[in-house]
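Notes follow the structure.
The values are calculated or read from the model by the stated rules, or taken from the named source; none is laboratory data. Fair warning: this is a prediction, and the values are worked out from it, not measured in the lab. When we count neighbours, we look across all protein chains shown, and the Cβ atoms used for this are built from the backbone with ideal geometry, even at glycine.
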Amino acid sequence: QAKEHGRNTYSFYTPTLTIAANERLELDARLRRALTNDEFVLHYQPQFDSMTGMLIGCEALLRWHSPEDGLVPPDRFIPLAEETGLIVPLGDWVLQTACAQHKRWLDSGLPDMVVAVNLSARQLQQHDLAERVAAILDNTGLPADRLKLELTESMIMLEGDRAIERLLALKALGLKLSIDDFGTGYSSLAYLKRFPIDELKIDRGFVRDIPHDRNDMEIAATIIAMARNLNLRVMAEGVETHQQMEFLTRQGCHGCQGYLLGHPLTAEEFLEQLLRRD
Ligand code: C2E
Ligand code: MG
Ligand code: MG
Ligand code: MG
């Protein structure tokens, strides 16, 4: 957005936008400092097999431990980091940290889990994305099949044919690809057969009003049926009630993630609450 306003010099000089621009500059500076000062942390939210109830993985979710503002959620800083490009080094940090953490869990004999990491559009635009991911897998020693990358439909559509190449290069490493927030993006279903995708993640927006909203129930059931027919895995996010969990499981949803089953936790809490079997 900064660039759009910048081109339009008339609106750029209106007082409110000048204030916004200053705030953005300041936030950008603080975010850059946060990366060098190691103020970012990952929380891990568990994912479970719907049928067996077994822990099958976790999603790494970024937070900023700001000295001034405390724990800042990603929605408050990722959009700006995307605009400025800081998301590229920050995304590398996320991947590196999640893979290293997962490798430590794996080495201590903990269960078969896959760690899911969110990618941003800017990262998918990097021509050397697959090389960067390969380097991180290499230096952490995490087997590629323990890593899942979450992308959105809109990201993939924006990149067009280049996205196919990049996703094929990522797939060639042996990792898994998941479509996050499925059903909310600007996309065509045609990409599902062209892209090397392993999983669809039903957006929280379709889960939230189950079992009160018939339309959401139909949409969720249809996504599950379609995923299964295409031989894809399907995971629901934002599962908050037993009724939602039961409905999704009955429809054949493979995995569930949400507050009902577990909130995002620090690595220490995750180990304490989910991994330690005494
Ligand atoms: P997402 O990838 O769709 O992640 C799911 C979000 O839903 C997380 O919010 C999670 O805390 C929240 N959530 C999980 N279960 C429930 C539930 O039962 N109810 C409700 N109401 N919410 C639930 P969070 O951590 O604030 O992350 C928001 C978004 O920020 C993520 O959405 C993702 O798009 C982005 N994000 C987070 N970490 C990263 C990252 O490392 N890199 C990039 N590029 N984006 C990230
Ligand atoms: Mg996600
Ligand atoms: Mg999601
Ligand atoms: Mg989401």
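Checking the condition under 26 Å from LYS103 (Cβ atoms), surrounded by 11 or more Cβ atoms within 10 Å (Cβ to Cβ), modelled with pLDDT of 95 or more and more than 19 Å from the chain's Cα centre (by Cα), which residue from ALA34, ALA60 passes? Can you show your working first?
Numbers: ALA60 fails: more than 19 Å from the chain's Cα centre (by Cα).
Checking each option against the conditions leaves just ALA34.
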Anything in segment 212-243 that is in contact with an Asp or Glu (Cβ under 9 Å, 6 or more places away or on another chain), more than 14 Å from ligand 2 (Cβ to nearest atom) and assigned to a loop (DSSP other than H, G, I, E, B)? List them, or say none. LEU232
Of the residues ILE210, ILE197, only one is surrounded by 14 or more Cβ atoms within 10 Å (Cβ to Cβ) and under 27 Å from ALA121 (Cβ atoms); which? ILE197
Given the conditions (1) within 16 Å of ligand 4 (Cβ to nearest atom); (2) under 17 Å from LEU31 (Cα atoms), report the number of the one that ASN118 does not fulfil. (2)
If THR152 meets every condition in (1) farther than 23 Å from GLY252 by Cα; (2) buried (at least 22 other Cβ atoms within 10 Å of the Cβ); (3) within 16 Å of ligand 2 (Cβ to nearest atom) apart from one, which number is that one? (1)
Can you name the helices (runs of 4 or more DSSP H) wholly within segment 73-126 that have at least 1 residues being within 13 Å of ligand 1 (Cβ to nearest atom), within 15 Å of VAL41 (Cα to Cα) and aliphatic (A, V, I, L, M)? 78-84, 87-107
